[in-house]
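Read through the structure below, which is laid out as structure tokens, and then see the notes.
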Amino acid sequence: MFKIILMLFAFQYANAEVIKGYDYSVPSNLSMPAVGVPFVDEHYGTTITRATTPSQVTDRNFPEWVRHEYSRRPAFNTDSSRALMLSSGGWLRLYNVNLTQNTMSFVKTLSVGGSIEPNWDPNNKDVFYYLGNNGSGMKIYRYDVTNDQTSVYRDLTTRVKALFPNAESMWTKEEGRPSKDGKIWCFMIEKYNSSSQSVNHFGFISYNIQTDEIIGHLAETERPDHISASPLGNYCVPSSDGSKGTRAYNTSFTSYTQLFTKSEHSDLALDKNGKEVYVFADYSSDANEGHVVMTDM
């Protein structure tokens with residue numbers, strides 16, 4: 001049995017059956033479900049359990065809502081004993097997870113928040129890494145949840161500026177993540193102009209956080225919607241509605257595979273044979289309109 005917690009809910013899949021099509025009808029009961037009490041979705045038969053509620057937060061900055069920060073970044077730490085949630089006001093909240101009872105309990109509000117793209121360390125259950133707000137500062141920070149100690153883990157400022165002299169920020173634009181083993185990161189390199197409220201996009205870098213090495217870079221002025229490393233770290237995948245569309249570049253940025261002509265709701269995944277694939281909802285092409293499509297990187 002496979003369990004994940006996503007957004008406000010825990011979804012439990014007991015079967016591998018795929019239900020085709022969709023149902024636009026309004027559910028018969030729209031009231032907010034109780035926390036920790038499973039119910040079955042009337043259209044698709046999926047068991048759903050609400051995992052969080054704002055009233056669980058008891059220390060400070062009391063929120064209006066609490067949810068998973070973003071679907072591409074796993075909420076759980078490496079042994080699924082803890083989870084990070086985002087709340088109104090931008091604060092990160094730490095929860096303990098009981099997988100046996102399928103419940104989560106509030107621990108504390110952390111001392112960081114905003115658009116910082118937190119990613120758990122894949123080997124240390126107590127540590128996650130995060131960026132400056134909106135990527136500012138071109139540094140990667142380390143946070144230990146046991147003692148709330150923060151530190152600069154990697155500083156790329158000098159090296160990034162050697163490639164892009166006017167750069168002031170590096171991030172995925174909130175929708176990317178490192179490779180599954182935590183080694184490979186892909187970043188957009190930018191500068192925000194407060195006077196004109198515009199952004200200068202300079203290009204991309206690929207980075208190995210373990211060896212502290214910038215692997216490759218690409219100068220590119222077309223700003224994508226976001227960028228992410230692929231699951232095995234073989235590709236950097238910027239996703240754009242501009243002329244470049246969505247591409248899978250090798251980490252040296254010397255070649256690429258054209259995955260689609262634009263940016264769609266999507267994710268990067270492994271197929272059953274372990275190959276890296278791009279999975280997206282195709283709203284553009286006549287042949288596949290409304291379908292979920294998988295493309296080999």
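FYI, it's all coordinate maths here, none of it is from the lab. The structure displayed is predicted, hence computed values, not measured ones. Cβ: placed from backbone, ideal geometry, glycine included. Neighbour counts: every protein chain shown.
Miscellaneous remarks
- Principal semi-axes in Å for the stretch 126-201 [√(5λ), Cα gyration tensor, largest first]: 24, 14, 12
- Computed about its Cα centre, the charge dipole of the chain is approximately 640 debye, with only Lys, Arg, Asp and Glu carrying charge at their Cβ.
- Count of lysine pairs in the chain with Cα separation under 23 Å (8 or more residues apart, or interchain): 29
- Listed residue (Thr221, Cys236, Ala75) projecting farthest to the positive dipole end of the chain, Cβ model: Ala75
- GNM top mover of Tyr256, Tyr44, Tyr153 - the chain, alpha-carbon springs below 10 Å: Tyr44
- Near Tyr153: Cβ cut-off under 12 Å, other residues only, Lys/Arg at +1 and Asp/Glu at -1. The net charge is -1.
- Size of electric dipole in the stretch 50-165: Cβ of Lys, Arg +1 and of Asp, Glu -1, about Cα centre, debye, nearest 20: 240
- Relative contact order computed over the chain (Cα-Cα under 8 Å; 6+ residues apart), in percent: 8
- Under Karplus coefficients 6.51, -1.76 and 1.60, residue-wise ³J(HN,Hα) of the stretch 100-112 in Hz, glycine/proline x: 5, 9, 6, 10, 10, 10, 5, 10, 6, 8, 7, 8, 10
- As a rough guide to protection, the peptides 248-254, 195-201, 219-225, 81-87 ranked by mean Cβ packing within 10 Å, highest first, stand as 81-87, 248-254, 219-225, 195-201.
- This model, with +1 at the C-beta of Lys and Arg and -1 at the C-beta of Asp and Glu, gives the stretch 137-180 a dipole about its Cα centre of some 240 debye.
- J(HN,Hα) series, the stretch 41-48, from Karplus relation 6.51 cos²θ - 1.76 cosθ + 1.60, nearest Hz, glycine and proline x: 4, 6, 8, 10, x, 7, 7, 10
- Considering only Ser111, His265, Ser169, the residue lying farthest towards the positive end of the dipole of the chain is Ser111, judged by Cα position with unit charges set on Cβ.
- Inverting the pair-averaged 1/r between distinct Cα atoms of the stretch 168-297 gives 15.0 Å as its Kirkwood hydrodynamic radius.
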